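Read the figures in this text as sums done on the coordinates, not as results from a lab. The structure displayed is predicted, hence computed values, not measured ones. Cβ coordinates were reconstructed from backbone atoms using ideal geometry, including for glycine residues, and neighbour counts include every protein chain displayed.
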Amino acid sequence: MPQVDSADAVHAFKADLEALGLRVEAGERRDRGGHDLRGWSKTRCIEDGADSLIIRRTTHAPPRDVNAGYERFTWATICREVSTFAAIVASTAWSSRQTSLPHPIRA
């Protein structure tokens, strides 16, 4: 797969937000971007029951403390925690039946 230009990714992300009926503006001084998506998805996973320590490892390197060196999560564990995200569970249920995104999407 070829590398995606970051500007193209931001434009596609905003177009997807708009197509889904979600807010594109983030505030007076900035627009939505990749960090918003990261923050939103991490928060949703945790609110849907995922372990925040494990979810943190999906977006960040281990912290630089001695304890973090002993925490080595398997892919099965990481996938289990990410799969608690209700939108993933819901999308899996309808993806075999539909070709477009359902509306509205919980944000």
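Among ASP16, ASP8, ASP51, what is the fewest-to-most ranking by other Cβ atoms within 10 Å?
Values: ASP16 13, ASP8 9, ASP51 16.
Fewest-to-most Cβ neighbours within 10 Å comes out as ASP8, ASP16, ASP51.
If you count, for each residue, the other Cβ atoms within 10 Å and average over each peptide, how do 42-49, 21-28 line up from highest to lowest?
Values: 42-49: 15.6, 21-28: 10.2.
Final packing ranking: 42-49, 21-28.
Which net charge results for the neighbourhood of HIS11, defined as the other residues with beta-carbon distances under 12 angstrom from its beta-carbon, given Lys and Arg at +1 and Asp and Glu at -1?
Numbers: positive: LYS14, ARG32; negative: ASP5, ASP8, ASP16, GLU18, ASP31.
Neighbour charge sum, excluding HIS11 itself: -3.
At 0.36 nm per residue, and after removing the present C-alpha to C-alpha distance, how many nm does the segment from ARG30 to VAL10 gain when stretched out fully? Please report the intermediate quantities before stating the final value.
Details: separation 20, 0.36 × 20 = 7.20 nm, distance 1.27 nm.
In short, 5.9 nm is gained.
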